[in-house]
1. What full-extension length gain, to one decimal in nm, is calculated for Tyr43 and Ile8 as 0.36 nm per residue of separation minus the Cα-Cα distance?
2. Say R0 is 25 Å: what FRET efficiency, to the nearest 0.05, do Tyr15 and Glu58 get from their beta-carbon distance?
3. For the chain, compute the orientation-averaged projected area of the C-alpha convex hull (one quarter of its surface), in nm².
4. When the helix-only estimate is applied to the chain (DSSP H runs of n ≥ 4, each -39,500 (n - 2.57), divided by the residue count), what is the mean residue ellipticity at 222 nm, nearest 500 deg cm²/dmol?
5. Provide the FRET efficiency to the nearest 0.05 for the His31-Glu51 pair, computing r from the beta carbons and using R0 = 30 Å.
6. In debye, nearest 20: dipole of region 3-61 around its Cα centre with unit charges on the Cβ of K, R (+) and D, E (-)?
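What follows draws every value from the coordinates through simple rules; no lab data is involved. Not measured: the values here are computed from a predicted model. Every residue, glycine as well, gets a Cβ built from its backbone with ideal geometry; the counts of neighbours run over all protein chains shown.
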Amino acid sequence: MEQTTIKIISGYCPYLQAEHSIRATYTLIPHRGRKFSNSSCKYAQECGRLEHCPLRREAMMEED
């Protein structure tokens, strides 16, 4: 069974030009630690800048 954790990442969103939060999901990989697997933002579709999202980048940096 896959073990996952969810963390809320908050910070400035350039699309909204305001503080915002996303939900980041991490998967525990044996002998490798916790790895980023997904993020969820209610504005992702209208924003269309997933690869440039600073909150998503921060979530990716917080792996173990």
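1. Gain in length upon complete extension: 11.1 nm.
2. Computed FRET efficiency for Tyr15 and Glu58 comes out at 0.95.
3. 4.4 nm²
4. That calculation yields -4000 deg cm²/dmol at 222 nm.
5. Once the sixth-power term is evaluated, E becomes 0.55.
6. 280 debye
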